[in-house]
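What follows draws every value from the coordinates through simple rules; no lab data is involved. All of these numbers come straight from a predicted model, not from anything done at the bench.
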Amino acid sequence: MVGLRPKHLRHRIKQLDANTLRYRELELALEEGVGFGGAWYSSQKEHWLGWLGEYDGPGAYGRAGVPRRDARFVYNHIQCAPMLLWLAEAVNVPSDDLDRAFKAVVAAPKRNASQCAALRKILPWEDVSEKLVEQTRGTLWSRFRMNSKR
């Protein structure tokens with residue numbers, strides 16, 4: 001997906017169902033996410049929305065604001081495997097791919113970067129973003145930008 005900005009990704013994520021099942025299973029398997037370590041969010045959807053809501057500023061994680069980054073960059077730099085799995089599940093990535101990603105994350109070294117890298121090998125941004133576009137409506141501006149790049 002060409003030109004999708006973080007705020008447009010947030011707009012699309014708002015349209016997705018927060019209540020999916022597999023990411024909760026992954027949170028339990030990793031002991032990470034909702035109910036672990038004082039997480040400030042009650043779902044991975046809320047995690048995404050909170051994270052993206054302040055993307056151009058320091059946000060909850062003290063990020064350096066870099067407003068020129070796109071949604072691909074965001075996806076490829078997330079360090080929470082349940083967060084990534086939720087997005088893939090919420091946009092209806094095929095179950096077999098979700099199962100493979102789940103197993104890869106659990107088998108990866110117990111470091112967030114390693115787990116997320118294992119997931120992204122199976123669920124790359126290109127595949128997830130394609131489903132995201134199919135499942136959601138973009139803002140008028142994001143649709144204009146995408147069409148102007150074709």
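The lysines within cross-link reach of Lys103, meaning a Cα-to-Cα straight distance under 17 Å and a gap of 8 or more places when in the same chain, are Lys121.
The string of couplings for the range 90-96 from the Karplus curve (6.51, -1.76, 1.60, θ = phi - 60°) is 5, 9, 6, 4, x, 4, 4 Hz, one whole number per residue in order, with x for Gly and Pro.
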